[in-house]
Amino acid sequence: MQPLETVGLVAIGRNEGERLRQCLQSVVDQLTTIVYVDSGSTDDSVAFARSLGVTVVELDLAIPFTAARARNTGLAQLLTLNPQLEFVQFVDGDCELVPGWLERAYTELSQHPQWAVVCGRCRERFPERSPYNQLCDIEWNTPIGEAATCGGNAMMRVVALQQVGGFRSDLIAGEEPELCFRLRQQGWQIWRLEAEMARHDAQMTHFRQWWKRMVRSGHAYAEGAALHGGTPEHYNVRPSQRIWLWGCGLPLLSLGGIALTQGWSLLLLASYPLSALRTYHETRKRGFTTAESRLYAVACTIGKFPEFQGQLQFWLGKHLLRRPATLIEYK
(Lines give C-alpha, C1' and ligand atoms only; values in the text may rest on other atoms or scores of the structure.)
Protein backbone atom coordinates (compact mmCIF):
# COMPACT_ATOMS: atom_id res chain seq x y z
CA MET A 1 0.00 0.00 0.00
CA GLN A 2 1.42 3.42 -0.99
CA PRO A 3 1.93 5.81 1.99
CA LEU A 4 -0.92 8.23 1.26
CA GLU A 5 -3.30 5.35 0.63
CA THR A 6 -3.43 5.04 4.42
CA VAL A 7 -4.66 8.64 4.62
CA GLY A 8 -8.27 9.65 4.06
CA LEU A 9 -9.77 13.12 4.01
CA VAL A 10 -13.00 14.58 5.34
CA ALA A 11 -14.12 17.98 4.05
CA ILE A 12 -17.17 19.64 5.57
CA GLY A 13 -19.17 22.63 4.40
CA ARG A 14 -22.35 24.39 3.48
CA ASN A 15 -22.79 26.79 0.56
CA GLU A 16 -19.06 27.37 0.22
CA GLY A 17 -19.21 27.81 -3.56
CA GLU A 18 -15.86 28.64 -5.13
CA ARG A 19 -14.08 28.03 -1.83
CA LEU A 20 -15.20 24.40 -1.83
CA ARG A 21 -13.97 24.05 -5.40
CA GLN A 22 -10.52 25.23 -4.34
CA CYS A 23 -10.65 22.99 -1.28
CA LEU A 24 -11.44 19.76 -3.11
CA GLN A 25 -9.26 20.49 -6.12
CA SER A 26 -6.27 20.88 -3.80
CA VAL A 27 -6.56 17.23 -2.69
CA VAL A 28 -8.31 15.10 -5.33
CA ASP A 29 -5.06 14.27 -7.12
CA GLN A 30 -3.31 13.27 -3.90
CA LEU A 31 -5.75 10.96 -2.12
CA THR A 32 -8.01 8.14 -3.21
CA THR A 33 -10.39 8.21 -0.24
CA ILE A 34 -12.16 11.54 0.16
CA VAL A 35 -15.54 12.27 1.73
CA TYR A 36 -17.38 15.56 1.56
CA VAL A 37 -20.07 16.05 4.21
CA ASP A 38 -22.65 18.64 3.27
CA SER A 39 -24.81 20.42 5.81
CA GLY A 40 -27.80 21.47 3.75
CA SER A 41 -26.22 23.45 0.91
CA THR A 42 -28.52 25.19 -1.55
CA ASP A 43 -25.77 25.91 -4.09
CA ASP A 44 -24.01 23.39 -6.33
CA SER A 45 -21.63 22.10 -3.65
CA VAL A 46 -22.97 18.54 -3.69
CA ALA A 47 -23.04 18.26 -7.49
CA PHE A 48 -19.54 19.67 -7.82
CA ALA A 49 -18.07 17.31 -5.24
CA ARG A 50 -19.64 14.34 -6.98
CA SER A 51 -18.32 15.54 -10.34
CA LEU A 52 -14.81 15.11 -8.94
CA GLY A 53 -15.53 11.55 -7.87
CA VAL A 54 -15.67 12.52 -4.20
CA THR A 55 -18.01 10.53 -1.96
CA VAL A 56 -20.74 12.84 -0.66
CA VAL A 57 -22.74 12.48 2.53
CA GLU A 58 -25.71 14.81 2.98
CA LEU A 59 -26.63 15.22 6.62
CA ASP A 60 -30.20 14.62 7.75
CA LEU A 61 -31.90 18.02 8.02
CA ALA A 62 -34.03 16.84 10.93
CA ILE A 63 -30.98 16.69 13.22
CA PRO A 64 -29.24 19.97 14.22
CA PHE A 65 -26.06 20.67 12.27
CA THR A 66 -22.69 20.90 13.99
CA ALA A 67 -19.20 20.71 12.55
CA ALA A 68 -18.44 17.96 15.06
CA ARG A 69 -21.34 15.85 13.82
CA ALA A 70 -20.24 16.38 10.21
CA ARG A 71 -16.67 15.30 10.95
CA ASN A 72 -17.78 12.18 12.83
CA THR A 73 -20.11 11.25 9.99
CA GLY A 74 -17.35 11.79 7.45
CA LEU A 75 -14.89 9.63 9.38
CA ALA A 76 -17.42 6.81 9.67
CA GLN A 77 -17.96 6.94 5.90
CA LEU A 78 -14.21 6.98 5.26
CA LEU A 79 -13.72 3.81 7.29
CA THR A 80 -16.59 2.16 5.47
CA LEU A 81 -14.82 2.89 2.19
CA ASN A 82 -11.38 1.88 3.49
CA PRO A 83 -11.18 0.19 6.90
CA GLN A 84 -7.36 0.16 6.67
CA LEU A 85 -6.97 3.93 6.95
CA GLU A 86 -4.51 5.00 9.63
CA PHE A 87 -4.85 8.78 9.41
CA VAL A 88 -7.58 11.25 8.53
CA GLN A 89 -7.08 14.80 7.36
CA PHE A 90 -9.94 17.09 8.33
CA VAL A 91 -10.41 20.25 6.31
CA ASP A 92 -13.12 22.90 6.33
CA GLY A 93 -14.76 23.70 3.02
CA ASP A 94 -13.53 27.30 3.12
CA CYS A 95 -9.90 26.16 3.18
CA GLU A 96 -7.49 24.55 0.74
CA LEU A 97 -4.46 22.48 1.68
CA VAL A 98 -1.08 23.66 0.40
CA PRO A 99 1.19 21.35 -1.62
CA GLY A 100 3.41 19.18 0.52
CA TRP A 101 1.31 19.31 3.67
CA LEU A 102 -0.23 15.84 3.44
CA GLU A 103 3.17 14.19 2.95
CA ARG A 104 4.70 16.15 5.84
CA ALA A 105 1.84 15.40 8.22
CA TYR A 106 1.82 11.71 7.26
CA THR A 107 5.58 11.43 7.83
CA GLU A 108 5.43 13.08 11.24
CA LEU A 109 2.55 10.94 12.50
CA SER A 110 4.21 7.79 11.17
CA GLN A 111 7.47 8.61 12.96
CA HIS A 112 5.86 9.59 16.28
CA PRO A 113 3.42 6.92 17.46
CA GLN A 114 2.48 8.93 20.56
CA TRP A 115 1.20 11.84 18.47
CA ALA A 116 -2.53 11.88 17.84
CA VAL A 117 -2.81 15.16 15.94
CA VAL A 118 -0.56 17.34 13.80
CA CYS A 119 -1.40 20.74 12.40
CA GLY A 120 0.56 23.45 10.63
CA ARG A 121 0.32 27.10 9.73
CA CYS A 122 -3.10 28.15 8.50
CA ARG A 123 -3.08 31.50 6.73
CA GLU A 124 -5.90 33.82 5.82
CA ARG A 125 -6.15 34.11 2.02
CA PHE A 126 -7.13 37.80 1.96
CA PRO A 127 -5.98 39.44 5.22
CA GLU A 128 -5.80 42.83 3.52
CA ARG A 129 -9.53 42.90 2.77
CA SER A 130 -10.63 43.64 6.33
CA PRO A 131 -9.22 43.94 9.85
CA TYR A 132 -11.37 40.95 10.79
CA ASN A 133 -9.69 38.74 8.20
CA GLN A 134 -6.34 39.99 9.45
CA LEU A 135 -7.29 39.04 13.01
CA CYS A 136 -7.89 35.46 11.85
CA ASP A 137 -4.44 35.38 10.30
CA ILE A 138 -2.87 36.63 13.53
CA GLU A 139 -4.81 34.18 15.74
CA TRP A 140 -3.69 31.19 13.67
CA ASN A 141 0.01 32.02 14.01
CA THR A 142 0.38 29.78 17.06
CA PRO A 143 3.63 28.58 18.71
CA ILE A 144 5.45 25.65 17.11
CA GLY A 145 5.88 22.44 19.11
CA GLU A 146 3.70 20.44 21.46
CA ALA A 147 0.32 22.12 21.80
CA ALA A 148 -2.82 21.82 23.89
CA THR A 149 -5.19 22.04 20.97
CA CYS A 150 -5.67 22.36 17.22
CA GLY A 151 -8.17 23.92 14.84
CA GLY A 152 -10.57 22.38 12.36
CA ASN A 153 -7.81 21.66 9.84
CA ALA A 154 -5.53 18.91 11.11
CA MET A 155 -4.40 15.35 10.43
CA MET A 156 -5.35 12.85 13.13
CA ARG A 157 -4.58 9.25 14.00
CA VAL A 158 -7.66 7.09 13.51
CA VAL A 159 -7.04 4.77 16.48
CA ALA A 160 -6.70 7.78 18.78
CA LEU A 161 -10.00 9.19 17.58
CA GLN A 162 -11.66 5.83 18.04
CA GLN A 163 -10.27 5.49 21.55
CA VAL A 164 -11.93 8.70 22.74
CA GLY A 165 -15.11 8.32 20.67
CA GLY A 166 -14.39 11.10 18.16
CA PHE A 167 -15.80 14.60 18.40
CA ARG A 168 -18.71 15.47 20.68
CA SER A 169 -21.47 15.88 18.12
CA ASP A 170 -23.58 18.12 20.37
CA LEU A 171 -20.99 20.92 20.64
CA ILE A 172 -21.83 23.93 18.48
CA ALA A 173 -18.30 25.33 18.83
CA GLY A 174 -14.96 24.51 20.42
CA GLU A 175 -15.20 20.86 19.40
CA GLU A 176 -11.52 20.63 18.40
CA PRO A 177 -10.05 21.87 21.73
CA GLU A 178 -12.48 19.63 23.62
CA LEU A 179 -11.41 16.61 21.55
CA CYS A 180 -7.74 17.46 22.12
CA PHE A 181 -8.39 17.69 25.85
CA ARG A 182 -9.77 14.16 25.91
CA LEU A 183 -6.91 12.90 23.76
CA ARG A 184 -4.35 14.42 26.12
CA GLN A 185 -6.14 12.84 29.06
CA GLN A 186 -5.42 9.48 27.42
CA GLY A 187 -1.72 10.24 27.01
CA TRP A 188 -1.77 11.34 23.37
CA GLN A 189 0.08 14.42 22.14
CA ILE A 190 -0.89 17.27 19.80
CA TRP A 191 1.84 18.97 17.77
CA ARG A 192 1.99 22.17 15.75
CA LEU A 193 4.54 21.71 12.97
CA GLU A 194 6.72 24.38 11.41
CA ALA A 195 5.06 23.88 8.05
CA GLU A 196 2.51 25.56 5.82
CA MET A 197 -0.80 23.71 5.98
CA ALA A 198 -3.78 25.60 4.57
CA ARG A 199 -5.23 28.79 3.14
CA HIS A 200 -8.48 29.98 4.70
CA ASP A 201 -11.06 32.40 3.33
CA ALA A 202 -12.93 33.91 6.27
CA GLN A 203 -14.91 36.47 4.25
CA MET A 204 -15.42 38.63 7.34
CA THR A 205 -16.02 42.18 6.20
CA HIS A 206 -18.38 43.56 8.86
CA PHE A 207 -18.06 44.23 12.57
CA ARG A 208 -21.21 42.25 13.30
CA GLN A 209 -19.59 39.12 11.80
CA TRP A 210 -16.58 39.47 14.07
CA TRP A 211 -18.87 40.10 17.05
CA LYS A 212 -20.84 36.89 16.40
CA ARG A 213 -17.60 34.95 16.00
CA MET A 214 -16.51 36.18 19.43
CA VAL A 215 -19.92 35.31 20.89
CA ARG A 216 -19.36 31.78 19.63
CA SER A 217 -15.92 31.75 21.25
CA GLY A 218 -17.37 32.74 24.62
CA HIS A 219 -20.04 30.07 24.30
CA ALA A 220 -17.37 27.46 23.58
CA TYR A 221 -15.33 28.43 26.64
CA ALA A 222 -18.43 28.21 28.84
CA GLU A 223 -19.49 24.81 27.54
CA GLY A 224 -15.96 23.45 27.83
CA ALA A 225 -15.75 24.60 31.44
CA ALA A 226 -19.15 23.03 32.17
CA LEU A 227 -17.96 19.69 30.76
CA HIS A 228 -14.44 19.44 32.14
CA GLY A 229 -13.91 22.35 34.53
CA GLY A 230 -13.86 19.98 37.49
CA THR A 231 -10.82 18.06 36.21
CA PRO A 232 -7.31 18.73 37.57
CA GLU A 233 -6.60 20.82 34.47
CA HIS A 234 -9.69 22.99 35.20
CA TYR A 235 -10.34 23.04 31.48
CA ASN A 236 -11.53 26.46 30.22
CA VAL A 237 -12.17 27.71 33.76
CA ARG A 238 -9.58 30.49 33.82
CA PRO A 239 -10.47 31.85 30.35
CA SER A 240 -14.13 31.88 31.40
CA GLN A 241 -13.30 33.67 34.64
CA ARG A 242 -11.38 36.33 32.71
CA ILE A 243 -14.33 36.81 30.37
CA TRP A 244 -16.70 37.35 33.29
CA LEU A 245 -14.26 39.75 34.95
CA TRP A 246 -13.58 41.92 31.92
CA GLY A 247 -16.93 41.53 30.18
CA CYS A 248 -19.16 41.99 33.23
CA GLY A 249 -17.44 42.34 36.60
CA LEU A 250 -15.35 45.46 36.05
CA PRO A 251 -18.10 47.43 34.27
CA LEU A 252 -20.58 46.61 37.05
CA LEU A 253 -18.13 47.58 39.79
CA SER A 254 -17.14 50.77 38.01
CA LEU A 255 -20.60 52.01 37.11
CA GLY A 256 -22.40 50.59 40.12
CA GLY A 257 -19.97 52.16 42.56
CA ILE A 258 -20.22 55.73 41.25
CA ALA A 259 -22.51 56.92 44.04
CA LEU A 260 -20.59 55.18 46.83
CA THR A 261 -17.17 56.35 45.64
CA GLN A 262 -18.18 59.80 44.35
CA GLY A 263 -17.10 58.72 40.90
CA TRP A 264 -13.71 57.28 41.81
CA SER A 265 -14.87 53.81 40.79
CA LEU A 266 -14.72 54.99 37.17
CA LEU A 267 -10.95 54.70 37.45
CA LEU A 268 -11.44 50.96 37.16
CA LEU A 269 -12.18 51.52 33.48
CA ALA A 270 -8.52 52.45 33.04
CA SER A 271 -7.84 48.72 33.34
CA TYR A 272 -9.00 48.25 29.75
CA PRO A 273 -6.38 50.39 28.00
CA LEU A 274 -3.75 49.00 30.37
CA SER A 275 -4.78 45.47 29.43
CA ALA A 276 -4.64 46.36 25.75
CA LEU A 277 -1.16 47.82 26.22
CA ARG A 278 0.06 44.65 27.89
CA THR A 279 -1.37 42.50 25.10
CA TYR A 280 0.26 44.80 22.55
CA HIS A 281 3.72 44.34 24.08
CA GLU A 282 3.27 40.58 24.40
CA THR A 283 2.24 40.35 20.74
CA ARG A 284 5.21 42.46 19.61
CA LYS A 285 7.54 40.08 21.48
CA ARG A 286 6.12 37.25 19.38
CA GLY A 287 7.36 38.98 16.23
CA PHE A 288 4.22 40.68 14.96
CA THR A 289 4.35 44.15 13.43
CA THR A 290 3.28 47.27 15.27
CA ALA A 291 0.04 47.47 13.29
CA GLU A 292 -0.77 43.79 13.79
CA SER A 293 -0.04 44.00 17.51
CA ARG A 294 -2.18 47.10 17.93
CA LEU A 295 -5.11 45.52 16.09
CA TYR A 296 -4.86 42.29 18.06
CA ALA A 297 -4.60 44.12 21.40
CA VAL A 298 -7.71 46.20 20.73
CA ALA A 299 -9.65 43.16 19.51
CA CYS A 300 -8.71 41.09 22.56
CA THR A 301 -9.86 43.87 24.87
CA ILE A 302 -13.15 44.62 23.12
CA GLY A 303 -13.73 40.92 22.46
CA LYS A 304 -14.40 40.18 26.12
CA PHE A 305 -17.85 41.79 25.75
CA PRO A 306 -19.19 39.54 22.97
CA GLU A 307 -17.47 36.60 24.67
CA PHE A 308 -19.40 37.42 27.82
CA GLN A 309 -22.57 37.47 25.73
CA GLY A 310 -21.70 33.95 24.55
CA GLN A 311 -21.08 32.80 28.13
CA LEU A 312 -24.40 34.25 29.21
CA GLN A 313 -26.22 32.59 26.32
CA PHE A 314 -24.78 29.22 27.28
CA TRP A 315 -25.63 29.38 30.98
CA LEU A 316 -29.11 30.84 30.43
CA GLY A 317 -29.84 28.20 27.84
CA LYS A 318 -28.54 25.40 30.04
CA HIS A 319 -30.07 26.31 33.39
CA LEU A 320 -32.94 28.72 32.74
CA LEU A 321 -34.36 27.93 29.33
CA ARG A 322 -33.18 24.29 29.39
CA ARG A 323 -32.94 23.98 25.66
CA PRO A 324 -30.11 22.81 23.39
CA ALA A 325 -27.82 25.42 21.90
CA THR A 326 -28.15 26.30 18.23
CA LEU A 327 -25.39 27.20 15.81
CA ILE A 328 -23.87 30.67 16.07
CA GLU A 329 -22.88 31.47 12.49
CA TYR A 330 -21.00 34.59 11.47
CA LYS A 331 -21.13 34.09 7.68
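Model label points for T32 and H234, set 7 angstrom from Cα along the Cα-to-Cβ axis, are 5.1 nm apart. The shape of the stretch 51-98 can be summarised by an equivalent ellipsoid whose semi-axes, obtained from the alpha carbon gyration tensor, come to 18, 15, 12 Å from longest to shortest. All C-alpha pair distances within the stretch 60-146, sorted into 10 Å bins from zero, spread as 13, 34, 36, 16, 1 percent across the bins. All C-alpha pair distances within the stretch 163-250, sorted into 10 Å bins from zero, spread as 14, 36, 36, 14, 0 percent across the bins. The three principal axes of the Cα atoms in the stretch 1-160 give end-to-end lengths of 43, 41, 30 Å, sorted in falling order. Placing +1 on the Cβ of every Lys and Arg and -1 on the Cβ of every Asp and Glu, with nothing else charged, gives the stretch 134-210 a dipole about its Cα centre of roughly 200 debye. Whenever you get a sec, compute what percent of the accessible area on the chain sits on carbon and sulfur atoms (1.4 Å probe). Carbon and sulfur together cover 55 percent of it.
Estimated from helical segments only, the mean residue ellipticity of the chain at 222 nm is -13500 deg cm²/dmol, where each DSSP H run of four or more residues counts as -39500 (n - 2.57).
In order along the stretch 117-130, the Karplus-derived 3J(HN,Hα) couplings, from 6.51 cos²θ - 1.76 cosθ + 1.60 at θ = phi - 60°, round to 9, 10, 9, x, 7, 9, 10, 6, 5, 10, x, 6, 7, 6 Hz, and Gly and Pro are given as x. Close amide H pairs (under 5 Å, H built 1.01 Å from N) link M204 with N133, residues at least 5 positions away or on another chain. Span-like helix criteria (full DSSP H runs; alpha carbon extent of at least 20 Å along the helix axis; mean Kyte-Doolittle hydropathy of at least 0.0) are satisfied in the chain by 67-81. Translational diffusion of the chain was estimated from the Stokes-Einstein equation, with Rh taken as the Kirkwood radius over Cα pairs; at 10 °C and 1.306 mPa s the coefficient is 75 µm²/s. Pairwise Cα separations in the stretch 154-197 fall into 5 Å bins from 0 onward with the following percentages, short to long: 5, 19, 32, 22, 15, 6, 0. Shown are L277, L250, L227, whose ranking by accessible area with a 1.4 Å probe and every protein chain present, most to least, is L277, L227, L250. Only Cα pairs under 8 Å and 6+ residues apart enter the sum, and on that basis the relative contact order of the chain stands at 17 percent.
Take W315: with every protein chain present and a 1.4 Å probe, its accessible area is about 80 Å². Based on Cα atoms of the stretch 184-326, Rg over Rh with Rh as the Kirkwood radius reads 1.02. Legend: translational diffusion of the stretch 12-60 by Stokes-Einstein, Rh = Kirkwood radius over C-alpha pairs, 37 °C, 0.692 mPa s; D = 309 µm²/s.
The values are calculated or read from the model by the stated rules, or taken from the named source; none is laboratory data. Everything numeric here is computed off the predicted structure, so don't read it as measured data. Positions of Cβ are backbone-derived with ideal geometry, glycine not excepted, and every protein chain shown enters the neighbour counts. With ligands, DNA and RNA removed, areas are computed over all heavy atoms of the protein, side chains included. Shrake-Rupley method; radii C 1.70, N 1.55, O 1.52, S 1.80 Å.
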